[in-house]
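The values are calculated or read from the model by the stated rules, or taken from the named source; none is laboratory data. Note that the structure is a prediction, hence the values are computed from the model and not measured. Only protein heavy atoms, including side chains, enter the accessible area calculation; ligands, DNA and RNA are left aside. Shrake-Rupley method; radii C 1.70, N 1.55, O 1.52, S 1.80 Å.
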Amino acid sequence: MKARIKFRKTGVMKFIGHLDVMRYFQKAMRRAEIPIAFTSGYSPHMIMSFAQPLGIGITSDAEYLDIELSEPVAAADAIRQLNSVMVEGIEVVGFVRIADDKKSSGMTIVAAAGYEVTFPETFRTSDDIIKIPESWRAQADSFMEQEEIVVWKKTKRSEREVDIKPMIYDFTVKENSIYLLLATGSEQNLKPDLVMETYVRYMGLDIEKIPVHYHRLEVYARKEGELVPLEALEI
């Protein structure tokens with residue numbers, strides 16, 4: 001049996017990197033007595049994979065972890081057992097059974113992610129946010145009406161010019177936040193900070209002087225041409 005765990009990452013846990021979160025969940029599985037399966041061989045390890053690792057400094061309502069179980073476990077029991085050993089800032093909110101084939105793994109099927117971008121009053125906190133300036137809303141349409149939005153995009157091996165406009169599925173400036181729906185995954189992957197840096201520079205401002213907070217709202221896969229949350233792909 002394979003299962004998909006959905007969890008929230010908030011507060012100071014936003015400063016904990018992906019590898020440490022992975023190690024933490026390995027310990028949490030043992031403490032919560034979840035019957036997780038192990039690989040075979042000389043050095044067995046837990047069978048688990050994260051759908052789309054979160055960058056440091058970003059909070060989230062929708063992080064996903066796929067695991068393989070050695071025996072069935074009720075969803076309500078698994079959520080309760082895991083939350084009983086969780087630290088403040090990580091909360092399990094979903095546990096669903098998924099298909100056994102590798103094509104259904106979160107790492108493979110992720111296609112997009114939604115983000116809420118807010119602007120705190122200072123760099124010291126993300127709680128007290130300011131109202132989006134009217135001038136920002138006025139320039140949002142012209143920003144997205146450009147034929148191309150070309151940026152220098154860095155990878156592990158190189159740096160090259162990329163048109164990111166096709167990877168921005170939604171860019172909506174609201175009263176107190178900006179909503180972004182961006183291409184995410186192995187085929188195309190656009191980070192929210194790159195989009196905001198480009199948008200702020202378009203308005204003639206310096207992103208380094210503006211406090212910004214990013215919060216992931218959901219992670220999506222494509223099903224029959226539509227974007228659906230990963231937790232909706234249960235069997």
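Worth pointing out:
- Among the protein heavy atoms of the range 76-185, carbon and sulfur supply 46% of the accessible surface, probe 1.4 Å, non-protein parts ignored.
- Probing with 1.4 Å while keeping every protein chain in the model, the per residue accessible area of the range 68-121 equals 50 Å².
- Gyration tensor (Cα) of the range 153-230, equivalent ellipsoid semi-axes in angstrom: 23, 18, 11
- Entries in K153/K191; K165/K209; K9/K165; K14/K153 that, when Cα-Cα distance is taken, lie over 19 Å: K165/K209; K9/K165; K14/K153
- Relative pair counts by distance (%), Cα atoms of the chain, 5 Å bins: 1, 6, 13, 17, 17, 15, 12, 8, 6, 3, 1, 0, 0
- Of the residues V117, V87, V21, the one that moves most in a GNM of the chain with alpha-carbon contacts below 10 Å is V87.
- Prolate/oblate/rounded call for the range 25-108, Cα gyration tensor, a/c under 1.5 rounded: rounded
- DSSP-defined beta bridges in the chain - what % are antiparallel, rounded to 5: 95 percent
- Between helix 134-144 and the chain: long-axis angle, C-alpha atoms, 0 to 90°, nearest 10: 80 degrees
- Amide H within-cut-off set for E218, under 5 Å, with H built and near neighbours excluded: G114
- Counting only Cα atoms, the range 95-202 measures 49, 36, 26 Å along its principal axes, largest extent leading.
- Area accessible to solvent at K153, 1.4 Å probe radius, in Å²: 50 Å²
- 3J(HN,Hα) couplings calculated from phi for the range 46-56 with the Karplus curve 6.51 cos²θ - 1.76 cosθ + 1.60 (θ = phi - 60°) are, in sequence order, 4, 8, 8, 8, 8, 5, 8, x, 8, x, 5 Hz; Gly and Pro show x.
- The alpha carbon centroids of the range 166-235 and the range 87-107 are separated by 21 Å.
- In the complete set of protein chains, residue-level accessible area for V150 is approximately 70 Å², probe 1.4 angstrom.
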